[in-house]
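Notes to accompany the following structure.
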Amino acid sequence: CGGGSGGGMASCRRLSGAGLREVLGPAQGLLFDCDGVLWAGERAVPGAPELLERLRRSGKAALFVSNNSRRSVAELERRFSRLGFRGVRAEHVFSSALCSALFLRQRLLGGGGNGSGAGRVFVLGGEGLRGEVRDAGLRLAGEGEPASGEPVRAVLVGYDDQFTFAKLAQACGYLRDPQCLLVATDPDPWHPLSDGQRTPGTGSLTAAVETASGRKALVVGKPNTYMFDCIVERFGVDPSRTLMVGDRLETDILFGKNCGLATILTLTGVSRLEEAQAYMASDSAAAKDLVPNYYVDSIADLIPGLDE
Amino acid sequence: AALPGPAPADWVQAPLDPAVRAVLVGFDEHFNYAKLCQALRYLLRGGPDCLLVGTNRDHRLPLEGGAAIPGTGCLVKAVETAAQREAFIVGKPNRFMFDCVASEFDVDPARTIMVGDRLDTDILMGNDCHLTTLLTLTGVTTLDEVRGHQDSDCPARNRLVPDYYVDSIADLLQVLGE
């Protein structure tokens, strides 16, 4: 056994001891989800900063792929630093906010050029997401604006804790034009808060917009593979030598499977081991794709697999 | 109640009403993320002991000129998605409302006509309750849509086909006495 996922069903084996070295040895790099893997709220997972440091010293790449559309990659770079992770730069971080902006730039601007004539984007989301869209060279439609001026060519639904019925209605107005794209940053139905509570995710807001408009959103984030395309374009990653590490079976692990990566589930976040085992026992083919190749209690458990 | 702070992390600290045992989603032009958050909290706290009920699933409320505003169905879907559970929908096509009518009034389905403009709510409920169903074309449905369902092999679509149609309910005047 080694890097690539190959064919056949994953078997959710605990990674430890010799198995750890066999899996990590050949790997050129690891893709990490962030929330629930590297940190929980404002606390780094114990040992996580040391793991990244050891990866660097072993010459293995560490890249980050997050469905969280709240923050710009610049904010995420500062967050890494503040939580004790050294050497992580914005260019290593692929958030759904960034990738949604890149996706819209490709579709509306053809990947280059300036913004004029491309149309505007109506964003349901916070300042982090709006900033990424602007940085991609696109112009935003304002809230409550009359439907005049440059046409709105895309509605982008992200995590929006200021979501209102009025914004939903405004989005639907734009989506009456079949040329107007409907894009969502990620499908997550909810996100955990530090005390075990949950906050509604982009997926719930997207469901409202889809229902009102009768349209299906193009979802940029995991488990869809667009964010991996962005990573490959920037860093030329070889999937057969890359491991995906995440805490959410329905997004991270399925993403790994969809991109041809071997997957490691870490238990410091959303999904429980019992859920992975239930998917493994299921008869459904779709359920099998949610089973990780390996699991660890925490990513700190990966440290002994690396050279001293 | 006023929100205790600007962000969801603050809102989830506000105390929950211990007496709440159901979340009811209806048409709410003041729907917002904070309310969605609160609904999710009650549903998580109560689990199966907290009901999730929606008044109806209409996607859109049509306005004049072809415009429309989002319907209650959108808000129900948002709550269902966040809570990962399905709401009990009281409105048509669920037969609950017909049962309410039938229990208050002496209604014989065999001698009752359901008149409506929407196939997937009005006509479906009427058919499921064994009423005679009459579609009026002054609303959202076109005859082409009906024919599409009629020609389909899918039994679920066939159940959307009315027994009769009129261009407008005014056409019924012709057959009623003075």
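The values are calculated or read from the model by the stated rules, or taken from the named source; none is laboratory data. If you're wondering where the values come from, they're calculated on a predicted model, not measured in any experiment. Methodologically, a virtual Cβ is constructed for each residue, glycine included, from the backbone with ideal geometry; neighbour enumeration extends over all protein chains shown. When the accessible area is computed, the model is the full protein with side chains, heavy atoms only, and any ligands, DNA or RNA have been set aside. Shrake-Rupley method; radii C 1.70, N 1.55, O 1.52, S 1.80 Å.
Residues are listed down the side, and each one gets a yes or a no for (1) under 14 Å from the mean Cα position of the chain (by Cα); (2) modelled with pLDDT under 95; (3) not acidic (Asp, Glu):
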| site | (1), (2), (3) |
| --- | --- |
| B:Gly54 | yes, no, yes |
| B:Asp58 | yes, yes, no |
| B:Leu61 | yes, yes, yes |
| B:Glu64 | no, yes, no |
| B:Gly71 | yes, no, yes |
| B:Leu75 | yes, no, yes |
| B:Phe88 | yes, no, yes |
| B:Gly91 | yes, no, yes |
| B:Ala110 | no, yes, yes |
Can you tell me which of B:Thr81, B:Thr142, B:Thr133 is outside the structural domain of B:Gly47 (by the TED database) and open to solvent by less than 60 Å² (accessible area, probe 1.4 Å)? B:Thr133
What number of residues in segment A:191-205 are within 8 Å of chain B (Cβ to nearest Cβ) and open to solvent by less than 20 Å² (accessible area, probe 1.4 Å)? 6
Would you mind stating whether A:Thr211 is touching a Gly at 6+ places or on another chain (Cβ under 7 Å), facing chain B (nearest Cβ under 10 Å) and buried (at least 21 other Cβ atoms within 10 Å of the Cβ)? yes
Based on what the data block shows, is A:Gly149 among the small types (Gly, Ala, Ser), assigned to a loop (DSSP other than H, G, I, E, B), open to solvent by 40 Å² or more (accessible area, probe 1.4 Å) and within 13 Å of chain B (Cβ to nearest Cβ)? no
Considering residues of segment B:147-167 that are under 23 Å from B:Pro62 (Cα atoms) and in contact with a Leu (Cβ under 7 Å, 6 or more places away or on another chain) only, the residue surrounded by the fewest Cβ atoms within 10 Å (Cβ to Cβ): B:Asp167
Quick one: count up the residues across segment A:23-59 that are open to solvent by 30 Å² or more (accessible area, probe 1.4 Å), in a loop (DSSP other than H, G, I, E, B) and not polar (S, T, N, Q). 6
Residues of segment B:52-75 being within 8 Å of chain A (Cβ to nearest Cβ) and in contact with a Gly (Cβ under 7 Å, 6 or more places away or on another chain), in sequence order, are B:His59, B:Arg60
Give me the pairs: first residue in segment B:122-135 and free of Cβ contacts under 8 Å to residues at least 60 places away in the same chain, second residue part of a strand (DSSP E or B) and open to solvent by 10 Å² or more (accessible area, probe 1.4 Å), beta-carbon distance under 6 Å, and six or more apart or on different chains, which are they? B:Gly126/B:Met114; B:Leu131/B:Met114; B:Thr132/B:Ile113; B:Thr133/B:Met114; B:Leu134/B:Ile113; B:Leu134/B:Val115; B:Leu134/B:Tyr164; B:Leu135/B:Tyr165
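How many residues does segment B:7-26 hold that are open to solvent by 80 Å² or more (accessible area, probe 1.4 Å), assigned to a loop (DSSP other than H, G, I, E, B) and more than 9 Å from chain A (Cβ to nearest Cβ)? First the steps, then the outcome.
Filtering segment B:7-26 down to residues open to solvent by 80 Å² or more (accessible area, probe 1.4 Å) leaves B:13, B:15, B:18, B:21, B:24.
Filter once more, so that each one left must be assigned to a loop (DSSP other than H, G, I, E, B): B:13, B:15, B:18, B:21.
In the following step, the residues that additionally are more than 9 Å from chain A (Cβ to nearest Cβ) were identified as B:15, B:18, B:21.
Summing the residues that are open to solvent by 80 Å² or more (accessible area, probe 1.4 Å), assigned to a loop (DSSP other than H, G, I, E, B) and more than 9 Å from chain A (Cβ to nearest Cβ) in segment B:7-26 gives 3.
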